[in-house]
Structure formats: structure tokens, C-alpha cells
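Notes to accompany the following structure.
The values are calculated or read from the model by the stated rules, or taken from the named source; none is laboratory data. All values reported here derive from a predicted model rather than from experimental measurement. Methodologically, a virtual Cβ is constructed for each residue, glycine included, from the backbone with ideal geometry; neighbour enumeration extends over all protein chains shown. With ligands, DNA and RNA removed, areas are computed over all heavy atoms of the protein, side chains included. Shrake-Rupley method; radii C 1.70, N 1.55, O 1.52, S 1.80 Å.
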Amino acid sequence: MYAGLALAAMLVSLIFQLGMIGGRQPEASRVESKPADSSEAEPLGYEQASGARIYAHYCSVCHGETGEGDGFNAFNLDPRPRNLKDREWQRAVTDRELRTVVRGGGPLIQKSALMPAWGRVLNDRQVEHVLQYIRGMEGLPPS
Amino acid sequence: MKRLASLLRVQTVFVFSSFLTLAVLAVPPIKDYLQGWKSYQEQYNKLVGQMLRGGTMARPVSVGIIQTFNPELGVVDRCVTCHISILDATFRDAPQPYRTHPKTPHNISELGCTICHGGDGRATSKKDAHVGGISGYGLLPGQYVAASCGQCHAGNNVPEAYALNAGRQLIEESNCVACHVIPGFARTLEVGRAPDLDGIGDKVKPQWLYRWLKDPKAYLPRTRMPAFHFTDEEASTLTAFLLTKKTTNPALLEPAAGSVDEGKTIFRERRCVSCHGVGGRGGTLAPDLGTVGSKLNPEWLPRWLESPREVFHSTRMPQFAFPRSAVLAVSSYISTDLVDDSEDDAETEAILKNLPAPTVVTLKRGRELFEKLGCSRCHRLEGAQVKGEFGPDLSNIGSRDIDLLEFGNLSIRRTLPSWLMAKLKNPRGFGNNLLMPNYQFTDEEARSVVTALLSITSRSIPSRYRPQPEVKPEFRSAGEFGRVASKYQCLTCHRIQGSGGALAPDLTIAGSQLKPEWLRRYFRLPYTVRPILQERMPIFDMSEKEIDTAVTYIRLALRDDSITEEVFDGSPPADLIKQGRTLFHETYACQNCHQIGMTGGYVGPPLDGVGERLYSGYIFSWLRNPQAIKPETIDPNRGLTEGQARALTAYLLSLPKVSARSATNE
């Protein structure tokens, strides 16, 4: 009888241990992967959100709020500012070219001097962020 | 026979139980072998093997726990065990957990991961690390990551922590400390942010007050007053109570009898819309005046327009030198024209009918309501008791234990950020008898406030890691200039040495920037330097003595010694001007933002006759490094040499001066 009890105890402990191989399953889920509380679209990632602000402050006057080259100053310029949502252009231009033109101005990639050089105003990280934002512009809704 | 059978049984049991024991004892080593992180590392090594064929700097790791250890901060982060290649740029497009971490302002190897991202650093399985367990919370959702910056960085100007700054700003503007103790915010922000309520009975019409109490944003969408969701009865009682707060000085009221047309002209000429929008068009610094005629008692206006600070001593409205007739005319205009045409008269009648008479009982109930909801924490009212902070203490709110939070009947995720969001969007949603009013934040505003709150954690940060907070003493002007600045409330729109408003240019170095003669002319008749802007400096009709005081003070005190006044003795040489012209028009294409004559962009100010307005030394210093003078300017720093800057300055000085502008040019 005692043997039987001991056997039963071991079986039970074995079952428990096997069950725990997969790891504990804590119930309180403290992680939100998506914003559950608003019906808005998923907010931009960190780099893109930072880039969005830099873009709005420095670039949108000419390149427009949605990047289509229709900023309020655009109509004073000849040539007009680039439409950054142009798919063909996005495919053709490399990241290195983008970084060069943002940091060094239009003439560095044989474009108009109307595009200023921002390399002394934006640090490397900011250039990177605004680059990510511009790359993500294709997906943004039209103005 | 029986003995053999029993022996066999015992043996079977023995064999069976031996195997069982072995099995039980084998489980821990098997469990250890099947650890999740080991498989991640082996997968990584495979990935590196593939990439090595394509040439990469990544190398396989020997399988084992890797951790970042920082005893000062109490950081033991084993995240890098699975997230092996977060510092390796070649993994930018790799799947998680191998993906490169975005560039950050801080050294990840020094600070670890959990300081910014939350989660349980000591855990060795994905679930425990990400979801949390005994030793702490799970990961901070990505959209709130700026909250972690606030653990070390104080103030609302933390670089690249936009949501945090916005949230902290909102907390200040909304005066949350009126009811809650919040670490990092002064115990009492100035009372006077909201209007004094002494004398409100003379100022407003009863039906307006009732409607305002029911829904402030319906009248003034940009107000910071929250909605208290009063019942009709409560609103009526409170209105009746407040209407008894009349001034005892009869001289403060007089009938608004004047020509409406004249008033309209003066209103337009004096550019009231620079601060007070009308119907949403115009400035936003002061309340919109579109329907203010339906709000204000016409007899209250003349005194206000004549000398605002006598009526409400901490107002930011400047003192205009209106003659009596102008005051009466403008009051008539406002009371007659700027009214709400869509006001429902039947409703107004009903409101007025339902207003209780000011009996002792009503007044007592009104006072009770006023004090219970803490109105005195924002609005000064003589005789009303000011309670201490009566909302929950928000210390360590960012580390608040989930199990101590009341979720009520709401079906939201059981996480702290969700709870805070839900609370801010609907403060009384968690139960009955809650007192917090609804600030009607947009989703983005609410998220930023949640970010600011989540930054208040119980983690102790050694002072070595805390950046020195910038101590900005408030600029206080005294003496004659102080009187002028106080009368015209310059700091409402302009900033000097860190104090003041952001509507108009920063005047901290105006003495090194602007020529005194131009400044003098400007004070006499302000014109618009940048035609694209909506706001205009109002015409104050300052006396010559006041103008003299202001110009002298600016010229003597508001200076920057690194900026010389003039760069050239006499007029600059012609070839330098020519060089400057080339630089302006061809090399740097400055005309894309600045107008000269009738051509050019209108991002920056037009440059005709700029030498009349600005010191050439200022132009020179600005050209060398605009951001040094105005950090947020979008005039790019071209890295000009001294020679180039001198040439450009010479060219700009040579631009034809403009004769005195007429009013039609604006």
C-alpha cells in the first residue's frame, strides 16, 4: 500500500515536471504589442517618428507636408522641389545619394543649389531618421 | 505459490518505480538542455555562417549566457543572449531577435536594455523577459519608450523625447498639480492661470455661464478647463452661486454706448486678432472673440478695455492708450456684432427660468460644490476654502503595481499604460463617485501625458547619470523699463533670456541685432517684417518717453558681446559686393527663401534694406552660424568662411533701402 502511494506521488511529480518544460505561463499579460485603446493607425516607429518631426520642421516648407513637392514655398522655386513620393525615383535613388544630398546640398549630386546643405544642422542620427522617414513616404496617405 | 506471486509483484513494482525515479531525475537536465536562448544562439551561428559566405564582420558566438552588467544602475541585462547582433549594422534587415537596434543617443553596452525598454533583464526565457514576472514589469510598449528618458532627464526640453516633452508641457498647462502631487512639478503652479472669479457676476451673462459649466470646449475649443459633467441641477446651482460674486465698485461698470462702425474700424486697425482670433481666424494666444458678445455683460467691457490690469491684475493683456470714445465704440461693436447668431433663444429662456434664486440654501450648496471639486485650485475666489491636493498621489506612478489599480467594468488590457490611457480619456469610467473631470485630450495628447507619467518610476538613478538640469532664472525687469514692459506685457509675446512667450521674436540680444533708429520707428508704427505671418505687433501708441526707455534699455542691456556692431568702416568695396552677389544668387541660392525686390521665396524675411534694420555685425555672425543665434531656425549653416560671410554681408548692405512703408503695404 505504501509502495502504491509512493508510486502515485512520483507519477504526479513527473507529470508536473513534464508540464513545466515549456516554461511558466504567467497570467498577467503586461505587454501590449499594438495600441489597443485607439482606433487610429499604428503609430510610426521610433526612427520614423523622429524623422517625421525633423522633416516637418526643416523640409516641409518646400517639399510639402506629405512630400509631394507642394510646400508653400515650392511655387517660388525653379526647378520645383522633388516629389518624394515618386515611386520610380524612390527605387532609383540609393541611401548613400540621399544622405549626400541631405548633408551636402543639391550640387553634390548634380542637382539644383536650391536644395541647401543640412550637414551642419542635423547630426548623423537625425539624417538617418529623416532618411527612414522619407523612405517610408510611399506608404503615406496623399494630401 | 502465493509467495512467488507476491515476490513477482514486488519486483514489478520495483522495476517500474526505478524507471519512474530515473525519469523524474532526468527531467531537470532535459529542461536545461532545451532552453530557448540556446536555440536562438545556434540559429544565429547558422545565420552568420550564411553571411560569412557573403563577407560580413559578424562572427559566431560560443553558446552561453551573455549579459550587460552595470552595478551602479542595478542593471543585469541578459537580453543580448538572444538579441546578439543588436549592435551589428549588417543585421539591419534580419528577422528579430537579430535585427540591429536603431541608432540611439546612448551607449547600449553601458546602460543595458531594461532602463529604456523595461522588461525583466535577469530572465533567461523570452516570455519571462518580455512579459515580466515576479521581479518586475514587462516591456514598455514602443510608443511610450520616451518615458524612459524622463527617468534621468528633467524638464520639458529633453532632446529627441518629443512625446515626453509634449506630455510634461500638457501636465503643466492643465494644472494637474492642482489636485495631484506629481514629482517633478512644482506643488502649486501660479493661481492666476485661470481667471479670478471675484466679480464674475458682473462680467458674464447667466446663460453663458451655465453653458460654459456644462461644456467649456463648446465655447472655447482651446480652453484648458476640463468638463465636469455637471447635472443640470448642479450647473444651475453653481451658476447662481457664482453670479452673486459681484464687484462692489460701481465705477467698474458703464454702458457701452458708441458707434458700432467706428468700433469695428478700431478693432481692425489695432490688430486685436493678432492675439484674439475671431471665429478661428487669427492668433491663438488669447481667447477667441468670435462670440464674446454673447458671453460678456456689455457694461463690463469699457473698463476692461481701458485698463485691463485694474480689473484682473494678473492678466497678460497689454495696456492700450484708447481714448474714452474708442473704448465705448469698441465695446459697442463687440457687444453688437461679435455674438452667437445660432444661440437658441428658447433654450436660453429655459436656462434662465431654471436658475434657482440666491437663497441661503442655494448659496451653501453652490459653495459646497465649488469646494468639493477643487475649483479654487485654479480659480481664485475670495472666501472659498482651498483644499490641499485631494487626488491620488502620483509618485512612482510609472512603477505602480497593476494589482493595486481599479479597472472597474472596462474591458481593456490589464496593463499600466492601458489603464492610464483609459483614465485620461474617460476619468470617471472606472467607477461611480469619482471626481476627476474630463480634459478631453485627443488620443495623441493622452499618449503624451501617459508617456510623461510613465517616466515617474521608482528606479533610483545615481546622480552621475542625471544630466544637470538647466537652471533658468526668470527674467524680471524692474525700474522704468520694468514699468514699460509690465504695462505693455511685452513678455506675453516676446521672450527675453528664457522667460516669455514664443509668439514673437526672442529679444535676448535685440540690442546687438537691431539698429536703434529702426527700433524707434518700429515702436511708433510697427509694421510687418515677414508678410507671411498672421500675427502683427499691436499699435500701442507709446509715448516718446516710453519708446526712449525701451530703446535705451534694449540698446544697453540686451546685447551679445561676441557680435560686433559694424563689420565695415564706411561702405564696403565694390568687388566684395560683387562676390557677395554671386554667392547669394548662384552659389547658395539664398533667394529660394528670401525675397529681394519682388522675386524670391517667403520663408525668411525679405532682405530689401536689411542694412537699415540690422547691424552688419549681426548679419555677419548670423551668416557664419545661424543656429548659434537661433537654435530652431531653418536657415542652414553653410560653413561659410570669414571672407565669404563678409562678401555676403557687403552685398546685403548694398541692397536699396526702402522708404517709409505706408499702411497699405502690410
Name the pairs whose Cβ atoms lie under 7 Å apart, with the first residue in region A:85-107 and within 22 Å of B:Tyr588 (Cα to Cα), the second among the aromatic types (Phe, Trp, Tyr), and 6 or more positions between them or separate chains? A:Val102/A:Trp118; A:Arg103/A:Trp118
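Any residue at all in region B:574-595 that's in a strand (DSSP E or B) and either surrounded by fewer than 18 Cβ atoms within 10 Å (Cβ to Cβ) or modelled with pLDDT of 90 or more (or both)? Spell out the reasoning first.
Kept after step one, since they are in a strand (DSSP E or B), are these residues of region B:574-595: none.
The answer is no, given that none of the residues of region B:574-595 is in a strand (DSSP E or B) and either surrounded by fewer than 18 Cβ atoms within 10 Å (Cβ to Cβ) or modelled with pLDDT of 90 or more (or both).
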Quick test for you: out of B:Tyr588, B:Tyr527, pick the one residue that is in contact with an Asp or Glu (Cβ under 9 Å, 6 or more places away or on another chain) and among the aromatic types (Phe, Trp, Tyr). B:Tyr527
Exactly one of these conditions fails for B:Glu160: (1) assigned to a loop (DSSP other than H, G, I, E, B); (2) away from chain A (no Cβ under 14 Å). Give me its number. (2)
Top-ranked residue in region B:114-169 [being more than 22 Å from the chain's Cα centre (by Cα) and among the hydroxyl-bearing types (Ser, Thr, Tyr); ranked as nearest to B:Gln468 (Cα to Cα)]: B:Thr114
Residues that are open to solvent by less than 40 Å² (accessible area, probe 1.4 Å), touching a residue at least 40 places away in the same chain (Cβ under 8 Å) and more than 7 Å from chain A (Cβ to nearest Cβ), drawn from region B:412-429: B:Leu416
Would you be able to say whether some residue in region B:97-106 is outside any helix (DSSP H, G or I), more than 14 Å from chain A (Cβ to nearest Cβ) and over 25 Å from A:Asp124 (Cβ atoms)? yes
Evaluate region B:424-445: report whether one residue or more is touching a Leu at 6+ places or on another chain (Cβ under 7 Å) and within 30 Å of B:Ile115 (Cβ to Cβ). yes
So in region B:61-78, with the set limited to residues that are among the β-branched types (Val, Ile, Thr) and in contact (Cβ under 8 Å) with a residue 24 or more places away in the chain, which one is least open to solvent (accessible area, probe 1.4 Å)? B:Val75
Scan of region B:620-646 for residues that are over 14 Å from B:Cys590 (Cα atoms), touching a residue at least 24 places away in the same chain (Cβ under 8 Å) and either within 14 Å of chain A (Cβ to nearest Cβ) or of a type in the set (A, V, I, L, M, F, W, C) (or both), ordered by number: B:Phe620, B:Ile629, B:Lys630
Filter result (of a type in the set (Lys, Arg) and out of contact with any helix residue (DSSP H, G or I) (no Cβ under 6 Å at 6 or more places or on another chain)) within region B:562-584: B:Lys578
Tally, over region B:108-139, of residues that are facing another protein chain (nearest Cβ under 9 Å), at pLDDT 80 or above, open to solvent by less than 50 Å² (accessible area, probe 1.4 Å) and out of contact with any helix residue (DSSP H, G or I) (no Cβ under 6 Å at 6 or more places or on another chain): 3
Does any residue in region B:26-47 that is within 11 Å of chain A (Cβ to nearest Cβ) come within less than 7 Å, Cβ to Cβ, of a residue that is basic (Lys, Arg) six or more places away or on a different chain, and which pairs are these? B:Gly36/B:Lys126
Among the helices (runs of 4 or more DSSP H) confined wholly to region A:50-133, which include 1 or more residues that are open to solvent by 40 Å² or more (accessible area, probe 1.4 Å), more than 9 Å from chain B (Cβ to nearest Cβ) and in contact with a helix residue (DSSP H, G or I) (Cβ under 8 Å, 6 or more places away or on another chain)? A:87-92, A:95-104
Does any residue of region B:14-28 turn out to be open to solvent by 90 Å² or more (accessible area, probe 1.4 Å), in contact with a helix residue (DSSP H, G or I) (Cβ under 9 Å, 6 or more places away or on another chain) and at pLDDT below 85? no
Here the residues within region B:393-411 that are at the interface with another protein chain (Cβ under 10 Å from one of its Cβ atoms) and open to solvent by less than 40 Å² (accessible area, probe 1.4 Å) are B:Ile402
Farther than 26 Å from B:Pro102 by Cα, at pLDDT below 90 and hydroxyl-bearing (Ser, Thr, Tyr): which single residue out of A:Ser143, A:Ser50 fits that description? A:Ser143
Restricting attention to region B:164-178, does a residue exist that is more than 10 Å from chain A (Cβ to nearest Cβ) and in contact with a Gly (Cβ under 6 Å, 6 or more places away or on another chain)? yes
Spot the failing condition for B:Val48; the list is (1) over 19 Å from B:Asp128 (Cβ atoms); (2) surrounded by fewer than 17 Cβ atoms within 10 Å (Cβ to Cβ), and only one is missed. (2)
Out of curiosity, is B:Leu209 within 14 Å of another protein chain (Cβ to nearest Cβ) and either open to solvent by less than 30 Å² (accessible area, probe 1.4 Å) or part of a helix (DSSP H, G or I) (or both)? no
Considering only region B:440-457, how many residues are under 16 Å from B:Gly155 (Cβ atoms) and not in a helix (DSSP H, G or I)? 2
For B:Leu533, only one of the following conditions fails: (1) touching a Lys or Arg at 6+ places or on another chain (Cβ under 9 Å); (2) farther than 18 Å from B:Gln319 by Cβ. What is its number? (1)
Could you tell me which numbered condition B:Thr528 fails, if it satisfies all but one of (1) over 23 Å from B:Leu652 (Cβ atoms); (2) surrounded by fewer than 18 Cβ atoms within 10 Å (Cβ to Cβ); (3) polar (S, T, N, Q)? (1)
Anything in region B:408-467 that is out of contact with any Phe, Trp or Tyr (no Cβ under 7 Å at 6 or more places or on another chain) and hydroxyl-bearing (Ser, Thr, Tyr)? List them, or say none. B:Ser411, B:Thr415, B:Ser418, B:Tyr439, B:Thr442, B:Ser448, B:Ser455, B:Thr457, B:Ser458, B:Ser460, B:Ser463, B:Tyr465
Keeping to region B:531-543, report how many residues are open to solvent by 30 Å² or more (accessible area, probe 1.4 Å) and modelled with pLDDT of 90 or more. 1
Hey, can you tell me all the residues within region B:140-153 that are surrounded by 22 or more Cβ atoms within 10 Å (Cβ to Cβ) and over 24 Å from A:Leu131 (Cβ atoms)? B:Leu140, B:Pro141, B:Tyr144, B:Ala147, B:Ser148, B:Gly150
Output the residue which, of all residues in region B:430-445 that are within 11 Å of chain A (Cβ to nearest Cβ) and of a type in the set (D, E, K, R), is surrounded by the fewest Cβ atoms within 10 Å (Cβ to Cβ). B:Glu444
Residue check, B:Glu173 of a type in the set (D, E, K, R), in a helix (DSSP H, G or I) and surrounded by fewer than 19 Cβ atoms within 10 Å (Cβ to Cβ): yes
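Hey, can you tell me all the residues within region B:450-468 that are away from chain A (no Cβ under 13 Å) and not small (Gly, Ala, Ser)?
Selection gives B:Leu453, B:Ile456, B:Thr457, B:Arg459, B:Ile461, B:Pro462, B:Arg464, B:Tyr465, B:Arg466, B:Pro467, B:Gln468.
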